[in-house]
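K.L.:
Quick one: the structure is below, and I'll ask about it shortly.
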2 protein chains.
Amino acid sequence: MSSSSSPSGPLRDGLRVALLQFRVTESKEENLRTAASFLDRAAGDGGADLCVLPEIWNSPYAAAAFPEYAEGGLPPPGGGRPLKSPSAELLERKAVQHGLWIVGGSIPEVDDDGRIYNTCLVFDPEGRIVAKHRKVHLFDVDVPGGITFSESDTLSPGQAVTHFDTPWGPVGLGICYDIRFAEYALLLAEKRGCRLLVYPGAFNLTTGPAHWELLQRARAVDCQAFVATASPARAAAPPPETPGRYPHYAAWGHSTCVSPWGVVVATTDEGEGIVYADLDLAEVESVRRSIPILQQKRTDLYRLDEA
Amino acid sequence: MSSSSSPSGPLRDGLRVALLQFRVTESKEENLRTAASFLDRAAGDGGADLCVLPEIWNSPYAAAAFPEYAEGGLPPPGGGRPLKSPSAELLERKAVQHGLWIVGGSIPEVDDDGRIYNTCLVFDPEGRIVAKHRKVHLFDVDVPGGITFSESDTLSPGQAVTHFDTPWGPVGLGICYDIRFAEYALLLAEKRGCRLLVYPGAFNLTTGPAHWELLQRARAVDCQAFVATASPARAAAPPPETPGRYPHYAAWGHSTCVSPWGVVVATTDEGEGIVYADLDLAEVESVRRSIPILQQKRTDLYRLDEA
């Protein structure tokens, strides 16, 4: 599948992934310091090839906070420097410093027209932006007695299915709620040749225990690809006398990596930490040979296509 | 979704399903007697509205056996009587006797040209055939150290995505390996309005523990529909001195029903038995309202269509 799509020779199979699960506060400066520290640890002693940050790691996860924390000047892949966004500049600097691939979780982005997006930047080890994904499925849900959220109150949706090329082959990229959409992942595996799908995400205490791991295992087994997720650590609810400026959001945590056979190969609880996973991406081809569903699709009966 | 597609007024929501997990032998006569007995139990004291039989319940599960056990004269929906197939005739008789919906698992079917299919017939309580599904994805796999099987050695694939209408709304239908194909299930939910997907299946001891429940929960949570499966019970391997005429196939068992929230609501082990599940199909609309992914598909980025 993906082997033939590499522009520069055979793919690498061994990949050490680090999922950076850290606590996000209302202080952007503190969040940037935390991210830097986690990246230093994962790349240093951790020896990671690729780090994944959580969804919305520089801002509280609250629709009302996104405009305040949003940064502009996030260029498209291959776009210009110097970066004007402090969060992007940090990721660029750490990528170069450590010779590291960084899937930069997501941050609120504001474009020139004032529209705000939930945006993931990906940096290669030279600090080049190789992908910019704006969350395409906005988190607008209302589970009675559970979670109610409306990202579309302040956010605009992205307009593209996103992957980026690496020495390990094409890597698919979505953000959080994007993982609920099977078609999106199937496209990345079937049409883009991805062997790994990465989803920064911040599930909650209703859908987290019910669906977070299930959705990752579902995407893995249907796409026969590795799936990696990174969540913020769970922050304790603030005391009532100091509630904070934005509604408290309790993230589920449980950053996880799942194999193409559907096995959870690394995970954690809700606390801060780094989840490491040593992936052998050749397992993708092995599973796809064993149970060749990607060749057995009945495209005479149904068709999934990029629109 | 499906509420508006009912031809005859409001849908019923309460549905008592019985999954008939019985042992299949090399004697077709014995298999027919067993099926009759399980149907009598499920419809009698069990009070089932709808019974599901296992995949290939009248024949050993072996590619070489299918030609020998295959029955002809299986009419399409609404097709003529009297039925010439003893297996179909049994199901018709039991449907009428008990006023029962029967998803007739599957049997090997031979058509007028000698082609053989893995075929499921569905009967309404008047004994009418309301669906005939020929397995569309044939089980051709080769897992090193695990399972190797090639249905296409003797079987031809079906040519249709199948559902049937009931007082509970449209019910989607696939057979075993069909469940691995997310697109097939998504079509049934998105385009056909199904609130329940039924898969007779006979997973094995390699893929059963790894994927049987996962795939059902994946289909349920992606389609926000109930999923019901019925497997043969596991038969012990015969002693070496009497190996039987066909290769022994150890079925995983574990007939299961999963809710649209992805919860296993009823299941069992590998032994013989009847799994009952009392479904409230209104839960489908409740989940689809809470997390409205079926309305949030980005059909401007990807499209899944019937071909």
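The values are calculated or read from the model by the stated rules, or taken from the named source; none is laboratory data. Note that the coordinates shown come from a computational prediction; the quantities given were computed from them, not determined experimentally. Positions of Cβ are backbone-derived with ideal geometry, glycine not excepted, and every protein chain shown enters the neighbour counts. When the accessible area is computed, the model is the full protein with side chains, heavy atoms only, and any ligands, DNA or RNA have been set aside. Shrake-Rupley method; radii C 1.70, N 1.55, O 1.52, S 1.80 Å.
K.L.:
Starting from the Cα of A:Val264, step 7 Å along the direction of its Cβ; do the same at A:Thr299; then give the gap between the two resulting points in nm.
P.N.:
3.6 nm
K.L.:
Moving on to the next point. Against the 2.2 N^0.38 Å scaling, with N counting residues, where does the range B:129-194 land? I'd like the Cα-based Rg ratio to two decimal places.
P.N.:
Compactness ratio reported: 1.28.
K.L.:
Apply the Karplus parameterisation 6.51 cos²θ - 1.76 cosθ + 1.60, with θ equal to phi minus 60°, to every residue of the range B:131-148 and state each ³J(HN,Hα) to the nearest whole Hz, in sequence, with x for glycine and proline.
P.N.:
Residue by residue, the range B:131-148 yields 7, 9, 10, 9, 3, 8, 10, 7, 7, 10, 9, 8, 9, x, x, x, 10, 10 Hz.
K.L.:
Once amide H atoms are placed 1.01 Å from N in the peptide plane, what residues at a sequence separation of 5 or more from B:Ile175, or on another chain, have their amide H within under 5 Å of its amide H?
P.N.:
B:Val136
K.L.:
Can you order the peptides A:202-208, A:266-272, A:233-239 by their average number of other Cβ atoms within 10 Å per residue, highest first?
P.N.:
Those peptides, ordered most packed to least, come out A:202-208, A:266-272, A:233-239.
K.L.:
Hey, which of these cross-link pairs are over 20 Å Cα-Cα: B:Lys191/B:Lys297; A:Lys94/A:Lys191; B:Lys28/B:Lys94?
P.N.:
Correct reply: A:Lys94/A:Lys191.
K.L.:
Another question, then. Between A:Gln159 and A:Arg289, take the C-beta separation as r, use R0 = 41 Å, and let me know the FRET efficiency to the nearest 0.05. Don't jump to the answer; show the numbers that get you there.
P.N.:
Details: r = 35 Å, r/R0 = 0.86.
For R0 = 41 Å, the calculated efficiency reads 0.70.
K.L.:
With a ≥ b ≥ c the root eigenvalues of the C-alpha gyration tensor of the range A:255-295, is it rounded (a/c under 1.5), prolate (a/b larger than b/c) or oblate?
P.N.:
prolate
K.L.:
While we're here: Put A:Tyr61, B:Tyr199 in order of accessible area, largest first, 1.4 Å probe: what do you get? Walk me through the numbers on the way to the answer.
P.N.:
Working: A:Tyr61 25, B:Tyr199 0 Å².
So the residues, ranked largest to smallest area, are A:Tyr61, B:Tyr199.
K.L.:
What size of dipole, in debye to the nearest 20, comes out for chain A about its Cα centre when the only charges are +1 on Lys and Arg C-beta atoms and -1 on Asp and Glu C-beta atoms?
P.N.:
580 debye
K.L.:
Here's a follow-up. With the Cα gyration tensor of the protein assembly as shown giving a ≥ b ≥ c as the square roots of its eigenvalues, does the rule (a/c under 1.5 for rounded; else a/b larger than b/c for prolate; else oblate) give rounded, prolate or oblate?
P.N.:
prolate
K.L.:
Within 10 Å of each Cβ in A:131-141, how many Cβ atoms from other chains are there, averaged over the peptide?
P.N.:
Partner-chain Cβ atoms within 10 Å, mean over residues of A:131-141: 2.
K.L.:
May I pose another question? Can you compute the helix-only [θ] at 222 nm over the protein assembly as shown? Use -39500 (n - 2.57) per DSSP H run of at least 4 residues, normalise by all residues, nearest 500 deg cm²/dmol.
P.N.:
Helix-only estimate at 222 nm: -6000 deg cm²/dmol.
K.L.:
Using a 1.4 Å probe on the heavy atoms of the protein chains only, list every residue of the range A:218-244 that has 10 Å² or more less accessible area in the complete assembly than in its chain alone.
P.N.:
When all protein chains are present, A:Ala218, A:Arg219, A:Val221, A:Asp222 each give up 10 Å² or more of accessible surface.
K.L.:
What does the C-alpha gyration tensor say about the overall shape of the range A:239-307? Classify as rounded when a/c is under 1.5, otherwise prolate if a/b is larger than b/c, or oblate.
P.N.:
Oblate shape, in that a/c is at least 1.5 and b/c is the bigger or equal ratio.
K.L.:
Can you divide the C-alpha Rg of chain B by 2.2 N^0.38 Å and report the result to two decimal places?
P.N.:
0.94
K.L.:
Show me the ranking of peptides B:296-303, B:68-75 by mean Cβ neighbours inside 10 Å, starting with the highest.
P.N.:
B:68-75, B:296-303
K.L.:
What is the average number of partner chain Cβ atoms found within 10 Å of a Cβ in B:105-111?
P.N.:
0
K.L.:
I would also like to ask the following. For the range A:95-215, with equal point scatterers placed on the C-alpha atoms only and solvent neglected, what are the log10 I(q)/I(0) values from the Debye formula at q = 0.12, 0.13, 0.19, 0.20 1/Å, to two decimals?
P.N.:
-0.48, -0.56, -1.09, -1.17
K.L.:
Still on this structure, I have one more. Please state, as a whole number in µm²/s, the translational diffusion coefficient that the Stokes-Einstein equation yields for the range B:167-254 at 20 °C and 1.002 mPa s, with Rh defined as the Kirkwood radius across alpha carbon pairs.
P.N.:
After rounding, the answer is 152 µm²/s.
K.L.:
Along the Cα→Cβ direction, 7 angstrom out, place labels at A:Glu272 and A:Arg115. What is the inter-label distance in nm?
P.N.:
3.6 nm
K.L.:
Under the definition of partner shielding as Cβ atoms of other protein chains within 10 Å of a residue Cβ, what is the mean value for peptide A:281-292?
P.N.:
On the way: counts 0, 0, 0, 0, 0, 2, 1, 0, 4, 10, 12, 3.
What the average comes to for A:281-292 is 3.
K.L.:
Ok, one more. How high is the relative contact order of the range A:1-138, in percent, counting Cα pairs under 8 Å that sit 6 or more residues apart? Don't jump to the answer; show the numbers that get you there.
P.N.:
Numbers: 257 pairs, mean separation 29.7, N = 138.
So the answer I get is 21 percent.
K.L.:
Between the helical axis of A:28-43 and the dominant principal axis of chain A, each derived from Cα atoms, what acute angle in degrees is found, rounded to the nearest 10?
P.N.:
Its long axis makes an angle of about 30 degrees.
K.L.:
If you take the accessible area of A alone plus B alone and subtract the pair, what total do you get in square angstrom, rounded to 100, with a 1.4 Å probe? Please report the intermediate quantities before stating the final value.
P.N.:
Working: alone 12700 and 12710 Å², together 21280 Å².
Chains A and B together bury roughly 4100 Å² of accessible area.
K.L.:
Then there is this: Which ³J(HN,Hα) values in Hz, rounded to whole numbers, follow from the phi angles of the range B:160-171 under the Karplus curve 6.51 cos²θ - 1.76 cosθ + 1.60, where θ = phi - 60° and Gly and Pro get x?
P.N.:
Calculated HN-Hα couplings, in order: 8, 7, 10, 9, 9, 8, 9, x, 9, x, x, 10 Hz.
K.L.:
With each label point set 7 Å from Cα along the Cα-Cβ vector, what nm distance links A:Thr148 and A:Arg12?
P.N.:
Distance between the two pseudo-spin positions: 4.8 nm.
K.L.:
OK, next. Let me know the whole percent of all Cα-Cα pairs from the range B:77-166 that are separated by more than 14 Å. Intermediate results must be reported in sequence, preceding the final value.
P.N.:
Working: 2688 of 4005 pairs.
When every Cα pair of the range B:77-166 is considered, 67 percent fall beyond 14 Å.
K.L.:
Under the Kirkwood approximation applied to all pairs of distinct alpha-carbon atoms, what is the hydrodynamic radius of the range A:36-84 in Å?
P.N.:
So the Kirkwood estimate lands at 13.4 Å.
K.L.:
Using r as the Cβ-Cβ distance of B:Asp40 and A:His248, and R0 as 60 Å, what FRET efficiency do you calculate, to the nearest 0.05?
P.N.:
0.55
K.L.:
If you average the alpha carbon positions of the range B:224-293 and of the range A:190-265, how far apart do those two centres end up, in angstrom?
P.N.:
27 Å
K.L.:
Same structure again: Which single residue of chain A puts its beta carbon nearest to the axis of rotation relating A to B, and what distance, in whole Å, does that give?
P.N.:
A:Ala218, 2
K.L.:
Here is a follow-up. Can you tell me, using C-alpha contacts under 8 Å and at least 6 residues apart, the relative contact order of chain A as a whole percent?
P.N.:
20 percent
K.L.:
What nm distances, shortest first, do you get from the label point of A:Asp153 to those in the other copies when the point sits 7 angstrom along Cα to Cβ?
P.N.:
6.2
K.L.:
Relative to the Cα centre, what is the charge dipole magnitude of the protein assembly as shown, using +1 at the beta carbon of each Lys and Arg, -1 at the beta carbon of each Asp and Glu, and rounding to the nearest 20 debye?
P.N.:
340 debye
K.L.:
With the full set of protein chains in place, find how many percent of the accessible area of the protein assembly as shown is carbon and sulfur; take the probe as 1.4 Å.
P.N.:
Percent of accessible area from carbon and sulfur atoms in the protein assembly as shown: 50.
K.L.:
Can you list the equivalent-ellipsoid semi-axes of the range A:177-225, largest first and in whole Å, using the square root of 5 times each Cα gyration tensor eigenvalue?
P.N.:
21, 10, 8
K.L.:
How much area per residue is accessible in the protein assembly as shown when the probe is 1.4 Å and only protein heavy atoms are counted (Å²)?
P.N.:
That works out to 35 Å² per residue.
K.L.:
Still on this structure: Could you tell me the distance between the Cα centroids of the range A:79-97 and the range A:25-63, to the nearest Å?
P.N.:
Value for the Cα centre distance between the two parts: 14 Å.
K.L.:
Cα centroid distance between the range A:101-141 and the range B:101-130, in Å?
P.N.:
Cα centres, the range A:101-141 to the range B:101-130: 51 Å.
K.L.:
Another one. Would you mind listing the distances between the A:Arg93 label point and the same position in each other copy? Use 7 Å along Cα-to-C-beta, nm, one decimal, shortest first.
P.N.:
8.3
K.L.:
Oh, and also: Please work out how much length the chain gains when fully extended from A:Asp280 to A:Glu241, using 0.36 nm per residue of separation minus the C-alpha to C-alpha distance, in nm with one decimal.
P.N.:
9.1 nm
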